[in-house]
Amino acid sequence: MTAVRDILRTMDYGLAPESDEHARAWLAAHSAGFGHFIAGAFTPPGQLFDVFNPARGERIARVSQGTEADVAAAVAAARKALKSWSALSGDARARWLYALARHIQKRERLLAVLESLDNGKPIRESRDVDVPLVARHFYHHAGWASLIADEFPGHRPVGVCGQIIPWNFPLLMLAWKIAPALAAGNTVVLKPAEFTPLTALAFAEICVEVGLPPGVVNIVTGDGATGAALVENDDVDKIAFTGSTEVGRAIRQATAGTGKKLSLELGGKSPFVVFEDSDLDSAVEGVVDAIWFNQGQVCCAGSRLLVAESIAERMYAKLRARMETLRIGDPLDKSIDVGAIVAPVQLERIKRLVEAGEREGAKVWRAPGPLPERGCFYPPTLVTEVEPASILAREEIFGPVLAAMTFRTPDEAVALANNTRYGLAASVWTENVNRAFEVAAKIKAGVVWINSTNLFDAASGFGGYRESGFGREGGREGLAEYLEAPAAATKSAKAVKAPLNALPGGAPAPDGDSIDRTAKLYIGGKQARPDSGSCYSVLDPEGKVVGLAGLGNRKDIRNAVEAAAKASSWGAATAHNRAQVLYYLAENLESRSEEFAARLGAQTGAGAREARAEVETAVRRAFYYAGFADKYDGAVHATKTRFVTLAMNEPWGVMGIVCPDEAPLIGFVSLVLPAIAMGNAVVVVPSASHPLSATDFYSLLDTSDAPAGVVNIVTGEAAALAKTLAEHDGVDAVWCVGPRELSKAIEAASAANLKATWTRLPPRDWADEQGRDYLRRATQVKNIWTPYGE
Ligand code: NAI
């Protein structure tokens, strides 16, 4: 018998298996195969595919491959249920969500074991992290259901939501999607990942158990083709997707111009930054959580270790020592740290990427010790001497592989951290609070954990910058994705002349300077001749020429984007500072009201009273956003004890704005001012038919202390200019009010760098177009988690 003394010396301990009896019985009861969950009942099984336990390589279930017809039936059920579900009081919906949360807790053992069997994750994680967070999400959103009417006055649900989730946190991703959707009064069709559909099906049974009205939640299983059918279904109002950037891009393209609302939570290559003054032992434990949690199959995994050169070798030595103690094996063993990779194809991908990195010269060190003979396992791996351009520094590996690089200065650390097309999360380790916040502010990521990592809570938003997607899940910011702000009336309005956004009649004059009153472009704080050297005639409703405007092209847009990027200090200026500039703009506009009104009348034929009213609205709007510049605050979310979670509203950076063709002044002001109030620099394409109100605006900008490059204006053919803006990698977000074809072109082109877009149809009643929704859309939320206490 082993002596206690020996055990204390070796710290060896035996197996501690969690019983899977209950889960196996559940699976046996469904051995005939699962159907889909549609309209409150399971359909008979269709064409079945196998679901495996990756730790043992054994088949554990068979589920149905959803067809287009299955998806259509589920969407129809969700549509049918929408009316009564959305008409329920918030309190009534809250009761259902509380019931779901409680029943999840009652079944937590089954759900945790099932998740580990299906996905391969250690039971310690599914039991202690995934399932408790699932319940927390439903509880939290039950509360929101009761509060929405007060907290989001006038908002309505988006409608039928198609939700597509990945295999790394199957039940947790389901909760992140379904809980806010239901709280806000939407109905859903959810498609789980083909590798891991089982806990979603168990959840469907819970919906039956609590008596959720039929059709509120529908679950259709299947692979990417089933997901694509859901994306393409015409009767879906919103798609929420979590998964690879590649599929996210395809979904952006498929939904372009359809009017479907979209949120994307995509891949990441998150930096884990360790400064020389950090508590190194804590940082090592942080790495364990960052990259070996769930075998590194985590979208926000800290997969790039950036460590100060002076402590790098010490850190690597500590890491290797710690890696030697990690236990790899049966996910159902409660003392296991690292479980199985989800599927052979993912294991092959990890191997392929590491081999490619090795060929490039990186040094690979794998934790020693035997791997289980059966199943998909990959050892915890530390790769050093990784170049920033290496495949291991760039590609999302989605496995237990840490790529390490060193830096010398904080600036270099930030540059390396941001040297990625992604921007999901980051972890910053330092005992210096000033440095911690400075670096957190500079890193482009939706979540930054200071001296901590991989923390999640229903009260905090989660989601990415850049090619990690857009939209948030969790917290107030996540809920907003499932609500529509009160719409200003869409005007029946006078018919807008000619095809919208096309140039009005008249051949362009040959030379931009041939008439004195040619309005040039406005780029980098200066009037600029269009690259084409041409201009076009601006006509009044009778067809008389009232002026000439520059005919901008791709090159002008590129110059304007460059100028806007150089104005990044605007976003870092104090909000008070920005407010002052906007007040000044408002005052200057007011003092020149008559002139602006006359210009409006000349272009659109509006009567004096109508034109003056438009200018007055524009002035009021300028004061409104000046007032808001320093008041659209972030929040401190109530997440975990001993953590402060700061939700900061950050500007996108460079925004493209395509103005409506009608309402030449108020359309321009309503879009540009909230964007710059929040710290963005903008490239604006004004009304093509009536550009002169926008070009008159140059002089207001010049006299209002707006720094050069904050507002850039390029006149010309809106459709062509808008497309260039949407394609440009230096543009972070695009707003456009224009016809459907233009929205479609913009949304499709935006897929290149996955910039956020907001497209709406004209004409609108611009008198009502102002409010927090504009500010929300002009910003993205960064959540910074900081622990406190010793
Ligand atoms: P994926 O993006 O293909 O799958 C995610 C979900 O989308 C699944 O439910 C899938 O069936 C569905 N899907 C696939 N093609 C679709 C389409 N054309 N239209 C609609 N839905 C579609 O991810 P996959 O293949 O499982 O993993 C590939 C790589 O993606 C991983 O190695 C990893 O790097 C990354 N990934 C990232 C995730 C994240 O959370 N950021 C999650 C899963 C994978």
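The values are calculated or read from the model by the stated rules, or taken from the named source; none is laboratory data. Here the structure is a predicted model, which is why all the values come from computation and not from measurement. Using ideal geometry, Cβ is built from the backbone for each residue, glycine included, and neighbour counts are taken over all protein chains shown. Accessible surface areas use protein heavy atoms only, side chains included; no ligands, DNA or RNA. Shrake-Rupley method; radii C 1.70, N 1.55, O 1.52, S 1.80 Å.
With all pairs of different C-alpha atoms in the average, the Kirkwood value for the hydrodynamic radius of the stretch 159-205 is 10.6 Å. Solvent-accessible area of ASP234, all protein chains in place: 150 Å² (probe radius 1.4 Å, heavy atoms, ligands and nucleic acids excluded).
First check a/c for the stretch 284-406, with a ≥ b ≥ c the square roots of the eigenvalues of its C-alpha gyration tensor; if it is under 1.5, answer rounded, and if not, answer prolate when a/b is larger than b/c or oblate otherwise. Oblate is the answer for the stretch 284-406, as a/c is 1.5 or above yet b/c matches or exceeds a/b. Taking 20 °C and 1.002 mPa s as the conditions, I'd like the Stokes-Einstein D for the stretch 176-263 in µm²/s, using the Kirkwood hydrodynamic radius from alpha carbon pairs. Diffusion coefficient, whole number: 155 µm²/s.
With Rh defined as the Kirkwood radius, the inverse of the mean 1/r over Cα pairs, the Rg/Rh of the stretch 432-477 is 0.99. Note that the stretch 10-131, at 20 °C in a medium of 1.002 mPa s, gets a Stokes-Einstein diffusion coefficient of 124 µm²/s from its Kirkwood radius over C-alpha pairs. In the chain, helical runs assigned H by DSSP with n ≥ 4 each contribute -39500 (n - 2.57); averaged across all residues and rounded to the nearest 500, the mean residue ellipticity at 222 nm is -12500 deg cm²/dmol.
Treating each Cα of the chain as an identical point scatterer and summing with the Debye formula, the log10 of I(q)/I(0) at q = 0.06, 0.08 Å⁻¹ comes to -0.40, -0.70. Indicate, rounded to the nearest 5 percent, the antiparallel portion of the DSSP beta bridges found entirely in the chain. That works out to approximately 40 percent antiparallel.
Note on LYS442: aspartates and glutamates with a C-alpha under 18 Å away, same-chain residues under 8 apart excluded, are ASP411, GLU412, GLU431, GLU467, GLU650, ASP732. The shape of the stretch 509-615 can be summarised by an equivalent ellipsoid whose semi-axes, obtained from the alpha carbon gyration tensor, come to 27, 24, 9 Å from longest to shortest.
Determine the order of ILE450, ILE391 by accessible area, beginning with the largest, at a probe radius of 1.4 Å.
Working: ILE450 5, ILE391 35 Å².
Sorted descending by solvent-accessible area, the residues read ILE391, ILE450.
Most simply put, the stretch 355-503 has about 40% antiparallel DSSP beta bridges, counting only bridges with both residues inside it. Here ARG760 and ARG421 are evaluated by their C-beta separation; at R0 = 41 Å the FRET efficiency comes out at 0.90. Taking all protein chains as shown and a probe of 1.4 angstrom, HIS155 keeps an accessible surface of around 60 Å². Estimated from the Cβ-Cβ distance and a Förster radius of 35 angstrom, the FRET efficiency linking ASP235 and ARG772 is about 0.75. Taking the alpha carbon gyration tensor of the stretch 132-198, multiplying each eigenvalue by 5 and rooting it gives semi-axes of 24, 14, 6 Å, largest first. The base-10 log of I(q)/I(0) for the stretch 224-284, evaluated at q = 0.14 Å⁻¹, reads -0.50 [Debye formula, identical scatterers on Cα atoms, solvent excluded].
Taking label points 7 Å from Cα along the Cα-to-Cβ direction, ASP630 and GLU246 give a separation of 5.0 nm.
Round to a whole number: what % of the accessible area of the chain belongs to carbon and sulfur, probe 1.4 Å?
Ligands and nucleic acids excluded, carbon and sulfur give 53 percent.
Taking 1.567 mPa s as the viscosity and 4 °C as the temperature, the Stokes-Einstein diffusion coefficient of the stretch 624-667 based on its alpha-carbon Kirkwood radius rounds to 92 µm²/s.
How large is the direction-averaged shadow of the alpha-carbon convex hull of the stretch 632-790, in nm²?
Values: hull surface 44.9 nm².
Averaged projected hull area, Cα only: 11.2 nm².
Beyond 25 Å, what share of the Cα-Cα pairs of the stretch 111-259 is found? Please give it as a whole percent.
It works out to 29 percent of all Cα pairs.
Residue separation of GLU741 and GLU276 scaled by 0.36 nm, minus their Cα-Cα distance, works out to 162.0 nm of gained length.
The residues of the chain expose on average 38 square angstrom of accessible surface per residue, using a 1.4 Å probe on protein heavy atoms. Within a straight-line Cα-Cα reach of under 28 Å, LYS106 can be paired with the following lysines, leaving aside sequence neighbours fewer than 8 residues apart in one chain: LYS121, LYS177, LYS191, LYS334, LYS640. Under the criterion of Cα pairs below 8 Å and six or more residues apart, the relative contact order for the chain equals 12 percent.
When the alpha-carbon atoms of the stretch 395-483 are used, the pair Rg, Dmax equals 14.1, 46 angstrom.
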